[in-house]
Number of protein chains: 2
Amino acid sequence: MTKIITISRQFGSGGREIGKRLADALGFSYYDREIISSICDKRSTEKEASSLSLEAGLLPPFPLTFGRTFSTFATYPQYTSALLVAQQRIIRELAQTGDCIFVGRCSNSILRDLDPLNLFIYSDMPSKVMRCRMREKDGEHFSDTELKKRIRQIDANRARLHDMFSDGKWGKMDLYHLCVNTSGLEIKTLIPGLKAYALSFFER
Amino acid sequence: MTKIITISRQFGSGGREIGKRLADALGFSYYDREIISSICDKRSTEKEASSLSLEAGLLPPFPLTFGRTFSTFATYPQYTSALLVAQQRIIRELAQTGDCIFVGRCSNSILRDLDPLNLFIYSDMPSKVMRCRMREKDGEHFSDTELKKRIRQIDANRARLHDMFSDGKWGKMDLYHLCVNTSGLEIKTLIPGLKAYALSFFER
């Protein structure tokens with residue numbers, strides 16, 4: 001049976017880096033927002049364009065960027081439903097193709113019946129702010145207050161989106177097999193332990 | 001520096017078994033309620049008897065049994081403060097003697113300044129009920145309703161006790177480095193992963 005790991009994460013907790021490094025360590029395929037959106041965009045301009053238009057009433061004119069970069073999701077909720085349906089379909093298709101890790105996209109809920117290992121990555125606010133600062137683009141600067149506000153806003157959006165597709169609440173530990181606190185820790189130091197935990201889980 | 005792991009756990013989640021197996025796997029000393037209470041009892045009948053009496057106004061006439069077996073703690077809160085002070089002292093002494101694992105006893109909070117790896121072990125209710133059933137003594141039988149009520153009561157006592165000694169809330173993930181869901185899992189299958197995670201943590 002295909003081995004699947006899903007990673008849900010607080011913004012700035014390093015969940016994406018864990019996903020990428022863990023996929024490399026395990027030899028699993030890696031899928032995140034950008035990759036899934038890219039597949040989705042490609043399809044939506046090809047054969048699925050008409051059905052997406054019908055479902056949404058509108059074809060989204062921009063890439064779905066909430067997640068790692070600061071979100072426009074809160075401002076444009078009306079665009080999301082067709083994209084989300086298409087993304088769910090793609091996530092399920094990808095999950096059939098081999099051992100893999102999904103970061104975000106409500107994959108823990110979407111793939112529930114495929115018995116994935118569900119991780120939740122979290123962190124204290126100082127560590128999240130520090131990680132966001134390290135990723136600041138040239139010329140971009142937010143005050144600490146602004147940064148914290150945006151971090152909370154993105155997590156609130158993630159929670160809202162997740163809870164639309166799940167019986168449980170985003171970030172509540174009962175939804176996950178393992179919740180990993182990255183506060184003050186260097187992500188790469190956690191990989192050997194998480195790899196061993198994942199292997200134990202799949203060999204059970 | 002001494003390597004210390006603390007394990008906080010929901011009643012029936014298998015936290016004690018994780019502690020014992022992980023201690024064996026790592027070659028660490030293992031301390032839980034029974035061991036600490038036993039040291040405490042021994043001392044309280046020897047040199048510390050007088051000071052305990054002074055602190056508490058009463059010398060506890062019974063072993064402190066809340067935890068694994070169903071608790072009398074809720075009924076006798078007036079007896080606990082002196083014992084808890086004595087236990088804290090013993091926990092700090094034991095933590096100086098070598099690499100070790102503590103299960104319960106608010107050790108995550110008591111040993112905070114020694115940089116322990118703090119685990120929280122949790123489980124869904126059906127798994128907790130099943131684990132409690134497997135430990136039923138001869139002649140002991142509780143209905144499912146009664147068992148669930150007692151499980152919730154013990155966790156409520158643990159939370160209340162913990163929160164007296166901590167800035168954070170028992171069971172809230174920000175207090176722990178790793179939260180482990182044991183629902184439907186056999187405890188021993190989790191040990192290789194947890195061992196590797198602990199080693200990564202201490203080598204960071």
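The values are calculated or read from the model by the stated rules, or taken from the named source; none is laboratory data. In this text, all values refer to a predicted model and were calculated from it rather than measured experimentally. Glycine also receives a Cβ, built like all others from the backbone with ideal geometry; neighbour counts cover every protein chain displayed.
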Can you run down the residue pairs with Cβ atoms below 8 Å, 6 or more apart or on separate chains, where the first is in the range A:90-102 and on the phi > 0 side of the Ramachandran plot and the partner is surrounded by fewer than 19 Cβ atoms within 10 Å (Cβ to Cβ)? A:GLY98/A:THR2; A:GLY98/A:SER29
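This table checks each residue for (1) among the charged types (D, E, K, R); (2) closer than 22 Å to A:LEU84 by Cβ.
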position: A:HIS162; (1), (2): no, yes
position: A:HIS177; (1), (2): no, no
position: A:LYS188; (1), (2): yes, no
position: A:ILE191; (1), (2): no, no
position: A:SER200; (1), (2): no, no
position: A:GLU203; (1), (2): yes, no
Name the pairs: first residue in the range B:166-185 and farther than 14 Å from A:GLY171 by Cα and more than 7 Å from chain A (Cβ to nearest Cβ), second residue of a type in the set (A, V, I, L, M) and surrounded by fewer than 23 Cβ atoms within 10 Å (Cβ to Cβ), Cβ to Cβ under 6 Å, at least 6 apart or on different chains? B:GLY168/B:LEU175; B:TRP170/B:ALA159
Please note which strands (runs of 3 or more DSSP E) are completely contained in the range A:99-204 and include at least 2 residues that are within 17 Å of the chain's Cα centre (by Cα), at pLDDT 95 or above and closer than 22 Å to A:SER37 by Cα. A:100-103, A:117-122
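Could you count how many residues in the range B:115-144 are within 30 Å of B:ASP174 (Cα to Cα) and acidic (Asp, Glu)?
Matching residues across the range B:115-144 total 2.
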Just to be sure before I move on: is B:LEU54 modelled with pLDDT under 80 and part of a loop (DSSP other than H, G, I, E, B) in the structure I sent? no
For the range A:104-130, the count of residues that are crowded, with 19+ Cβ neighbours inside 10 Å, touching a Ser or Thr at 6+ places or on another chain (Cβ under 8 Å) and not polar (S, T, N, Q) equals 10
Condition broken by A:LYS128, with the remaining ones in (1) under 16 Å from A:ARG16 (Cβ atoms); (2) without any contact (Cβ under 8 Å) to a residue 24 or more places away in the chain; (3) more than 10 Å from chain B (Cβ to nearest Cβ) satisfied: (2)
Of all residues in the range B:186-197, which are more than 7 Å from chain A (Cβ to nearest Cβ) and either over 14 Å from B:ILE121 (Cβ atoms) or among the basic types (Lys, Arg) (or both)? B:LYS188, B:LYS195
Do we have any residue at all in the range A:139-152 that's within 14 Å of chain B (Cβ to nearest Cβ), on the phi < 0 side of the Ramachandran plot and in contact (Cβ under 8 Å) with a residue 40 or more places away in the chain? no
With of a type in the set (Gly, Ala, Ser) and touching a Ser or Thr at 6+ places or on another chain (Cβ under 7 Å) as the only criterion, which of A:GLY193, A:GLY171 stands out? A:GLY193
